Amino acid sequence: MEVSDDDPAYVVRFKAAFKKDLSQRQDALNHGWLRVATALDPRFKDLKCLPRGERGGVWTSVEALLQKEPDRATPEPTEEPARKRSFLLFNSDSESEDEEGPNGALGRYRAEPTISETDCPLQWWSTHEGAHPQLSALARKYLGSPATSVPCERLFSLAGNIVQKKRAALSSENVNRLVCLSNWLKEKKQNK
């Protein structure tokens with residue numbers, strides 16, 4: 001994309017505008033969001049895509065997010081009888097009462113093996129929600145957003161091709177049906 005002496009003026013303007021737009025998009029990327037999403041993706045949680053020095057910072061960010069996130073795993077505190085509580089604490093192997101904080105949940109998640117790249121991370125979180133309730137809520141938040149708007153744009157483009165001047169009288173229900181049928185036909189062709 002470097003300008004050369006042979007380029008006409010319109011190509012020079014295009015290259016300059018393209019490089020400016022590309023640099024603005026690069027600056028606008030939210031790298032922190034992407035790194036947290038990568039850490040919460042069980043396929044890539046080892047963070048091998050990042051330099052070793054940056055990996056600890058990502059896990060610190062996830063831990064901070066866990067501390068901000070309300071704990072959905074613990075039910076409303078109920079008063080335990082003092083005798084029962086003292087008995088439970090006396091027989092406990094742990095030194096602290098609050099061993100199961102964000103560090104414990106994060107440690108358990110990091111100890112889990114990574115999954116295959118072809119597996120769906122949202123399905124993995126759905127099946128492991130009981131073991132990692134706070135992390136699964138974060139994962140739904142960070143992994144649920146699409147990386148691009150291309151699927152949405154394709155859907156609007158397809159709907160725009162279906163709803164034209166000649167077909168302006170179609171009801172919304174029929175448009176939905178036609179879009180759905182078109183998608184099924186496309187998937188059927190891809191699977192053959």
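The values are calculated or read from the model by the stated rules, or taken from the named source; none is laboratory data. The structure presented is a predicted model; accordingly, all values stated were derived computationally and were not measured. Note: ideal-geometry Cβ built from the backbone for every residue, glycine included; neighbour counts use all protein chains shown. Side chains included, ligands, DNA and RNA excluded: accessible areas come from the protein's heavy atoms. Shrake-Rupley method; radii C 1.70, N 1.55, O 1.52, S 1.80 Å.
Calculate, for Asp119 and Lys20, the FRET efficiency according to 1/(1 + (r/R0)^6) with r their C-beta to C-beta distance and R0 25 Å; round to the nearest 0.05.
Values: r = 40 Å, r/R0 = 1.59.
For Asp119 and Lys20, the calculated efficiency is 0.05.
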Just the accessible area for Trp59, please: 1.4 Å probe, Å², rounded to the nearest 10? 20 Å²
Tell me the carbon and sulfur percent of the accessible area for segment 103-142, rounded to whole percent, probe radius 1.4 Å. 49 percent
From most to least accessible, 1.4 Å probe, no ligand or DNA/RNA atoms counted, Asp119, Asp27 line up as Asp27, Asp119
Accessible area in the full protein assembly, largest first, 1.4 Å probe, for Cys49, Cys180: Cys49, Cys180
Return the FRET efficiency for the residue pair Asp5, Arg52: r is the Cβ-Cβ distance, R0 is 41 Å, and the value is rounded to the nearest 0.05. 0.40
Accessible area, probe 1.4 Å, largest first, for residues Glu63, Glu187: Glu187, Glu63
